[in-house]
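The values are calculated or read from the model by the stated rules, or taken from the named source; none is laboratory data. Remember, predicted model here, so these are calculated numbers, not experimental data. Note that we place each Cβ from the backbone using ideal geometry, even for glycine, and neighbour counts take in every protein chain shown.
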């Protein structure tokens with residue numbers, strides 16, 4: 001006959017074993033959900049707080065990073081390589097920080113982080129900061145620039161993460177952006193492209209007005225007067241202008257590849273080329289036309 005005490009001990013050991021496996025095993029993979037451009041995890045940001053706990057700002061390794069805010073297809077890769085050609089400025093490929101998340105995979109994880117004065121969002125911010133610091137350390141430079149266009153959609157969160165961050169707002173005529181996107185895509189959905197450009201433009205205009213100390217330039221001006229524009233950028237960043245910035249083709253900027261910036265023959269040429277004007281046949285939606293006018297573009 002089975003000893004009841006031994007049976008109870010066996011059950012306890014099995015339960016303890018299951019708990020230990022849970023504690024050390026990786027979380028189950030969850031299939032990603034499809035998101036729109038504006039699907040920044042605004043409502044996810046505080047899901048893992050404990051009792052409404054919001055963590056204080058942790059110390060930052062990079063106190064004042066620089067973020068280029070722009071629409072897609074606005075010449076941000078050209079701006080990146082010009083800045084990266086400076087001896088003190090590191091401007092790597094698009095880093096897509098907004099897609100780097102921290103997951104709390106156990107019920108007790110949020111409690112553990114709270115004891116360390118962290119919540120999930122602040123833990124993500126610490127991770128983002130460490131990524132920038134690692135890249136800056138590897139480069140041997142002292143100013144880092146992230147030019148990921150999607151940062152435009154989360155500029156307020158970037159400001160919370162780095163209160164001392166600096167910003168460059170890069171504008172381009174919305175009609176030219178529409179033309180560029182249309183030419184880049186196979187079987188382009190024209191309505192979807194206009195909606196995408198509008199979403200970026202709305203956020204970009206919001207950032208332009210909200211970030212009072214942002215340095216605003218136009219892609220068209222950057223290509224027409226690269227020396228004058230880069231001199232202004234250097235003044236904004238507190239570094240001396242270097243003529244070598246204009247010869248970006250003589251510097252190593254890493255591979256030009258899809259999803260990490262422009263990879264066209266134009267950027268690979270190593271030469272600053274004139275911006276393509278907006279196609280006069282492109283019919284802008286009323287709101288985009290309004291924004292273009294507010295940015296100083298002729299109607």
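Please go through the stretch 137-157 and pick out each residue that is in a loop (DSSP other than H, G, I, E, B) and buried (at least 21 other Cβ atoms within 10 Å of the Cβ).
Those that are in a loop (DSSP other than H, G, I, E, B) and buried (at least 21 other Cβ atoms within 10 Å of the Cβ): 147, 148.
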For the stretch 106-115, does any single residue satisfy the condition of being assigned to a loop (DSSP other than H, G, I, E, B) and at pLDDT below 95?
-> yes
Which residue, of 249, 232, is over 24 Å from the mean Cα position of the chain (by Cα), modelled with pLDDT of 95 or more and either under 20 Å from residue 175 (Cα atoms) or in a helix (DSSP H, G or I) (or both)?
-> 249
If a residue has to be in a loop (DSSP other than H, G, I, E, B), in contact with a helix residue (DSSP H, G or I) (Cβ under 8 Å, 6 or more places away or on another chain) and surrounded by 12 or more Cβ atoms within 10 Å (Cβ to Cβ) to count, how many in the stretch 252-296 make the cut?
-> 14
Just name the residue that is modelled with the lowest pLDDT out of those in the stretch 159-181 that are touching a helix residue (DSSP H, G or I) at 6+ places or on another chain (Cβ under 6 Å) and assigned to a helix (DSSP H, G or I).
-> 181
